[in-house]
Amino acid sequence: MDLIHVVGVLIVIGVVLWLINAFIPMARSIKSILNVVVVVSVVLWLLNGFGFLHSLSRYHMRA
């Protein structure tokens, strides 16, 4: 993954999220849930893109 690609995607996601928060009328709780979902999705995308999620698949829970 190119660093320029990552920065571009983060800027686009940030601007879109800001536009949604600023101009679409929603309840504050729904905006908070939307923000959390977007942030968690972006973090998981970044971890997957840099290969950290692949290394976590080696660990298994024992019952």
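The values are calculated or read from the model by the stated rules, or taken from the named source; none is laboratory data. For clarity, every value in this text was computed on a predicted model and none was experimentally measured. Every residue, glycine as well, gets a Cβ built from its backbone with ideal geometry; the counts of neighbours run over all protein chains shown.
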_Looking only at the stretch 30-49, how many residues end up being touching a helix residue (DSSP H, G or I) at 6+ places or on another chain (Cβ under 9 Å), closer than 16 Å to residue 1 by Cβ and not small (Gly, Ala, Ser)?_
6
*Where residues in the stretch 1-34 are closer than 21 Å to residue 47 by Cα and not in a helix (DSSP H, G or I), which of them is modelled with the highest pLDDT?*
2
_Please verify whether residue 63 is modelled with pLDDT of 95 or more and surrounded by fewer than 10 Cβ atoms within 10 Å (Cβ to Cβ), treating the condition exactly as stated._
no
